[in-house]
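One structure is given below, encoded as structure tokens.
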Amino acid sequence: MIPPFDIFLVSSQGPLVRKGNAETLDVARLRIKILMASEPGDYVIYSQQTGHHVVVKADGSVKGGA
């Protein structure tokens, strides 16, 4: 089964860069926290099931809901 959440880094060059996936929204947020240590920036969590997305800003704030 394909994990239902995709994780993307918002690239300064424009397109989103896929960074992985997660089984749950909480795991996706944890992975982003880890990724931010080496690749700071804004991230997007996209739900394959609902089509909704969450933006995790570089300052840790969250916008939207999956």
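What is the magnitude of the charge dipole of the chain about its Cα centre, with +1 placed on the Cβ of each Lys and Arg, -1 on the Cβ of each Asp and Glu, and no other charges, expressed in debye to the nearest 20?
Computed charge dipole of the chain: roughly 40 debye.
Report the Cα-based extents of the chain along its three principal axes, largest first, to the nearest Å.
Principal extents (largest minus smallest coordinate, Cα): 29, 22, 21 Å.
Rule-based calculations on the coordinates, nothing more; no lab input. Since this is a predicted model, take the numbers as computed values, not measurements. FYI the Cβ positions are ideal-geometry reconstructions off the backbone, even for glycines, and counts take in every protein chain you see.
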